[in-house]
1. Using a basic spin-label model with each label point 7 Å from the Cα along Cα→Cβ, how many nm lie between LYS215 and GLN60?
2. Sorting LYS74, LYS362 on the 10 Å Cβ count, fewest up front, what's the list?
3. Set the Förster radius R0 to 45 Å, insert the Cβ-Cβ distance between SER93 and ASP169 as r into 1/(1 + (r/R0)^6), and round the FRET efficiency to 0.05.
4. Extension gain VAL324-ARG34, at 0.36 nm per residue separation less the Cα-Cα distance, in nm?
5. Please report how many Lys pairs in the range 401-557 have alpha carbons closer than 22 angstrom, counting only residues at least 8 apart along the chain or sitting on separate chains.
6. Quick check: pseudo-label points 7 Å beyond the Cα along Cα→Cβ at ILE312 and LEU271, how many nm apart are they?
7. Once you have the Cα-Cα distance between GLU468 and GLU380, take 0.36 nm times their residue separation minus that, and quote the gain in nm to one decimal.
8. Residues with amide H under 5 Å of GLU488's amide H, sequence separation 5 or more or different chain, H placed in the peptide plane at 1.01 Å from N; which?
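Derivation of every value follows stated rules applied to the coordinates shown; laboratory data play no part. Because the structure is predicted, anything quoted here is derived from the model rather than measured. Cβ placement follows ideal geometry from the backbone for every residue including glycine, while neighbour counts extend to all protein chains displayed.
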Amino acid sequence: MTKRLEIAFQKGAKRRLHLVLLLASLFWLVLIGRLFQIQILEAGRYQVRAQSQNFREATQKAQRGAIYDRHGMKLAFNITAQSFFGVPDSIVSPKEIASKFSRNFGKGYDYIFNNLQSGRKFFWIIRQTEASQAELVESWGFKGVYVREEFKRTKPLGGLAQDLIGLTDVDNKGLSGLELYYDSLLAGEDGSEVLQKDARGELYNIKELSWKEAKPGYSLGLTLDVQLQWILESKLRQGIIQTKSESGFGLLMDPLTGEILALATVHNPNLPSLENQGRLRPLTDQFEPGSTLKAFTAAAALEEKVKTPEDIIYAEKGKWPVGVGKRVLHDIHEYENLTFQEAVAFSSNIALAKTGLEIGRKRLYRYLRDFGFGFKTGIELPGETSGKLQSYEDWNRMTLISNSIGYGISVTALQLASAYAALANGGTLLKPYVVKAILDSRGQTVKEFSPTPLRQVISPETARTVREFLKLVVEEGTGTSAKLEGVEIGGKTGTARKVKIGTKGYSDEYLSSFVGFFPVEKPRYIGLIALDSPKGMHYGGQTAAPVFREIVRDILSLPSTPTFELIRPENLTTDRPGEPVQTVAAKPGSGEAKISKISQGKQAL
């Protein structure tokens, strides 16, 4: 009996051992299978999950390119700034963090607290702080709040040329001006890097896991001259204040190359501005040019031999029924017989309207078109408009008369200045441009831009004759307020009523303008001044012409200006016979529009 019990016990023990071994084998098989599934079959999914818990991908911002003036002066570039972000799953005191940042930086407590509690993996708390602010945040020592170095755009010359240069947002993306138009070049290419969290929850960089190195952006070398830009802006501002204008805009240009030397929009600092700040009005705003367009009617008449400078035109004693209903065209003064040159100098509407009728609609349209009216200039800036020039097929007698004296057509300041540049340089229309060169991150020239002639509109002889007409405008005609002793200035005044917005007809406000150049024989500078809604005196000769005169005065005072090439020889004084006294320290030719170097050792802009 005992023997049988012992045998039965031994058999039971074996079965139990076999069962334990079987269960153990099954356990290990399941465990190995699960490990195979995790490490082999589903390795990718778990790697992603692990990385999402322990790794953070961070953008490595590219260094944005700088913007220089023609002499290598920096107008816009990047500096470093400290930005702070939170990693919510590492933060232990969200209320205190939200309270501190809200109190010291004026950010909403709820906004910060909710984002820190939202389960997000990354949240910018404050961007691009000043050095003192960064030190304060770092002194708090909050767990889960980290600092990143970013780039911040700065303009060392403040608001100078701000509309032209443009703005960028907090992420260094261009919003307006050159910053917008050339954003893809300036921005460069962002890189990326991987941050890993250690056992204490702190993030650190893993160099070997960096995904892509950031590529710096290209820089721009402009045709702009900061000295001329300052002169233009300051004199515009003075003119606006003196005439109580709402605003004004203007530009300076090299007529031999098409280079924009200065371009500005200025608002009256004493008036609340309702306009869209940052708009490049010399490119975007269309206006009727008024009498400034008469120079091109004169050019067409001379080129087509419809008129000579000495031809006599009867100006109807200032009142002329035009032959369209009961419409009557007026002049300010009761002129009778005028030579063609005098008609332009004294801005006779009647004489120029009669001239336009002799030219005819088809020929006048062709010249206005060839001078660039009705088409964009193609300058490398955002927002340019084309103006308005109806096809001659849609012109009637009244349209021809109106267009001859600058009404019924709309232009931009840039178009008008470019057209005057053609008169100044001998009849060639040039494409205006503001970027002289594109540079890489080492300052080497990648691409350089040069003058682009579009077409020969009139002969050099006709251009010379029109310049003489415009010289008489300043010497004896409507532009005498632009006259400056010692330098020959040519130009034309313009006074046009502003078109009513959203309806037909004209308002009671004016846009007063003056387009000028100097010296007359070989012009080196073209300038356009426009004053919006001057109060009291509103004629271009009374308001805009004096501003141009003061700009010329300041240009001549610059050490870099080749004064002897610009002033009249008979006005030079001497210490001894044959020895002129040089009042401005400059070598002849030192102010020419030459390609200048960004800095020593770098290729030219």
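1. The answer from the label model is 1.4 nm.
2. Ranking LYS74, LYS362 by Cβ neighbours within 10 Å, fewest first, gives LYS362, LYS74.
3. 0.90
4. So the chain would gain 94.6 nm between VAL324 and ARG34.
5. 13
6. Here the modelled spin labels are 4.6 nm apart.
7. Taking 0.36 nm per residue and subtracting the Cα distance, the gain is 28.4 nm.
8. Long-range HN contacts for GLU488: VAL520, ARG568.
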